[in-house]
Amino acid sequence: MQANIAQYYETNYPGQVQVVGVDEYNGTAVDLRGFKTQTGATYPLLLNGAIATGGNFATLYGTFDNYVVVSKQGIVRYHAALIWPHGNRYHLNEIKGCVDSLVTQVVGVDPGLAPA
């Protein structure tokens, strides 16, 4: 699921979106590698996301299948746990709609059409 989002934005908006998976169980590096191997994750995975240092992701945003969109300014723009119950939080159209509102669309303009 998250790999689809990561691949979509890297293809369509290179360098503008960072998808991150957060370990809320404070597992080991071996656990994290096992998760990456099992799921095929191609995006960065953060170890120890539920410790106080730097902010506890689980405390701030909730646990389990949670999806959060944070702007470059650090403002939470989408938080699935506030809208949807556990087990039903992955709504790709909502996530993409929020992220799409934050990225810059590159528009090509024919230089021959520029006003003189």
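The values are calculated or read from the model by the stated rules, or taken from the named source; none is laboratory data. Predicted model only: the values in this text are computed from it and were never measured. Every residue, glycine as well, gets a Cβ built from its backbone with ideal geometry; the counts of neighbours run over all protein chains shown. Accessible surface areas use protein heavy atoms only, side chains included; no ligands, DNA or RNA. Shrake-Rupley method; radii C 1.70, N 1.55, O 1.52, S 1.80 Å.
Any residue in segment 54-65 that is aliphatic (A, V, I, L, M) sitting within a Cβ distance under 6 Å of a residue that is modelled with pLDDT of 85 or more and assigned to a loop (DSSP other than H, G, I, E, B)? List the pairs, counting only those 6 or more apart or interchain. From segment 54-65, the pairs are ALA58/ALA50. Of ILE83, ILE75, all but one fail to be within 17 Å of LEU102 (Cβ to Cβ) and either open to solvent by less than 40 Å² (accessible area, probe 1.4 Å) or among the hydrophobic types (A, V, I, L, M, F, W, C) (or both); the exception is ILE75. Restricting attention to segment 1-44, the residues that are among the aliphatic types (A, V, I, L, M), under 15 Å from VAL68 (Cβ atoms) and either modelled with pLDDT of 90 or more or buried (at least 16 other Cβ atoms within 10 Å of the Cβ) (or both) total 5. Of the residues making up segment 7-27, one or more are part of a strand (DSSP E or B), within 27 Å of ASN93 (Cβ to Cβ) and under 17 Å from the mean Cα position of the chain (by Cα). Cβ-Cβ contacts under 8 Å between residues 6 or more apart (or on different chains), taken from a first residue in segment 28-47 that is in contact (Cβ under 8 Å) with a residue 40 or more places away in the chain and closer than 16 Å to ASN4 by Cβ to a second residue that is surrounded by 12 or more Cβ atoms within 10 Å (Cβ to Cβ) and hydroxyl-bearing (Ser, Thr, Tyr), are absent. Filtering segment 86-95 down to residues that are more than 13 Å from the chain's Cα centre (by Cα) and open to solvent by 60 Å² or more (accessible area, probe 1.4 Å), which residue is farthest from THR59 (Cα to Cα)? Step by step, filter segment 86-95, then rank; the result is ASN93.
Does segment 96-106 contain any residue that is assigned to a helix (DSSP H, G or I), open to solvent by 70 Å² or more (accessible area, probe 1.4 Å) and not charged (D, E, K, R)?
Narrowing segment 96-106 to residues assigned to a helix (DSSP H, G or I): 96-100.
Now narrow it down to the ones that are open to solvent by 70 Å² or more (accessible area, probe 1.4 Å): none.
No, every residue in segment 96-106 fails to be assigned to a helix (DSSP H, G or I), open to solvent by 70 Å² or more (accessible area, probe 1.4 Å) and not charged (D, E, K, R).
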